[in-house]
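Here the structure is laid out as structure tokens; the discussion comes afterwards.
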Amino acid sequence: MNELAYRAAERRLWQAVGVEPIERRIHLDRIGVDVRIQEVGEGPPVLFIHGVATSGVSWAGLAARARGFRCIILDRPGTGLSQALDRPVDPTSLAAMADVLVADVLDALDLPSAHLVASSFGGYIALRSAAATPERVERMVQFSWPVGAPTPTLPLFLRAMSLPGFRRLVEALPRNDRSVRLLFHQLGHRDKLLDGRISREDLACYAALMAHTDTLRNEFAPARALISPLRGLARLHLPDDILRRVACPTLFIWGGLDPFGGAAVGRAMVDRIPTAALDLMADAGHSPWLDDMAASVSKMTAFLRRDEDRSADRHGVAAVA
């Protein structure tokens, strides 16, 4: 790990979005690791949980624009500058960790509850935590497909993670602008790479994460235990009895170009959660805020500011061109 090189790229990204986060390390008692959080803003607390093979700074642009909230941006265990787990990960141990992660973070910060914002693998953690400790979660925003939602498609690079030797292959790949652009392209963000909506600082910071931290190694280490070459992520599917226990109002801001599944997959997921609603951004990929930052910030903050009306129409769908 080259922490100084990674921090330099991260600092340039934060400077580009015009904020300077407060950084601290906290200990997660039940999970048993030290993790890094970065905080931006003041107001009701919002915990951000990022996706696979990335880090908390992937939320930098969104958090910088979320005025009126205390944005708590987590590097999940083993990612960014957080400590890795010291034990093997399998579907059972991963589920157990996800159930307590939010409560662990809030306990370390002496917070009784918070809003959640999550994406992809972070979405899996947020949903399990919301079901296991409903008193700790006020409202939740999920950006696009979360791990645990059934999907008819799985990008080739994820299926390949289950194959012998894939970890060594990934570790041998170049960590540069070209490889980062290829990944973002596979996640449904091709047009935004071409027109500059995904900034040079975003791309450079992700390349630095891959090159100068142990994030990829730690994330891919348990891949064969979690992913099947034939059944994909079926080992991590969230059962209906878990999703029925998600009591907080939840908004899915779903990209219609998400390679894990578009509008139909989103509607099927929302139908399984009694308190959930769907907002479809038809031209967005897996990380909708990268495609339309202004719309994503507006939708997220408006939802988090609403009074808790659990009788609201859970099937409302808005389309964003």
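Converting phi to 3J(HN,Hα) with the Karplus coefficients 6.51, -1.76 and 1.60 and the offset θ = phi - 60°, the range 239-252 yields x, 4, 5, 6, 5, 5, 8, 6, 9, 7, x, 10, 10, 9 Hz in sequence order, with x at every glycine or proline. Farthest toward the positive end of the dipole of the range 46-112, out of VAL52, PRO77, MET97, is the Cα of VAL52, where the dipole comes from beta carbon charges about the Cα centre.
The HN-Hα couplings worked out from phi for the range 18-32 by the Karplus form 6.51 cos²θ - 1.76 cosθ + 1.60 (θ = phi - 60°) are x, 9, 10, x, 8, 10, 8, 10, 10, 9, 8, 5, 6, 7, x Hz, whole numbers, x standing for Gly and Pro. Of the whole protein surface, HIS27 contributes about 80 Å² of accessible area at a 1.4 Å probe radius.
Apply 1/(1 + (r/R0)^6) to the Cβ-Cβ distance of ARG224 and GLU42, taking R0 = 45 Å, and write down the FRET efficiency to the nearest 0.05.
For R0 = 45 Å, the calculated efficiency reads 0.55.
The trypsin sites (Lys or Arg not before Pro) found in the range 48-132 that occupy coil by DSSP, while having at most 13 further C-beta atoms within 10 Å, are ARG67. Restricting the trypsin sites (Lys or Arg not before Pro) of the range 240-309 to loop positions (DSSP other than H, G, I, E, B) with no more than 12 neighbouring Cβ atoms within 10 Å leaves ARG306. Ordered from highest to lowest accessible area with the whole protein assembly present and a 1.4 Å probe, ASP107, ASP86, ASP75 read as ASP86, ASP107, ASP75.
Rounded to the nearest 20 debye, the dipole size of the range 22-83 about its Cα centre is 120 debye, using +1 on the Cβ of Lys and Arg and -1 on the Cβ of Asp and Glu. Convex hull of alpha carbon positions in the range 1-157: directionally averaged projected area 9.8 nm². Couplings 3J(HN,Hα) of the range 107-120, computed from phi: 4, 5, 9, 6, 10, x, 7, 6, 6, 10, 10, 8, 8, 6 Hz, in residue order, whole Hz [Karplus 6.51 cos²θ - 1.76 cosθ + 1.60, θ = phi - 60°; x for Gly and Pro]. Among the GluC sites (Glu not before Pro) within the range 1-101, those in coil by DSSP and having at most 15 neighbouring Cβ atoms inside 10 Å are GLU42.
Of the residues SER287, SER298, the one with the largest accessible area comes first in the ranking SER298, SER287, computed with a 1.4 Å probe on protein heavy atoms.
The values are calculated or read from the model by the stated rules, or taken from the named source; none is laboratory data. As the structure is a prediction and not an experimental result, all values here were calculated from the model. Positions of Cβ are backbone-derived with ideal geometry, glycine not excepted, and every protein chain shown enters the neighbour counts. Just so you know, the surface numbers come from the protein's heavy atoms only, side chains and all, with ligands and any DNA or RNA stripped out. Shrake-Rupley method; radii C 1.70, N 1.55, O 1.52, S 1.80 Å.
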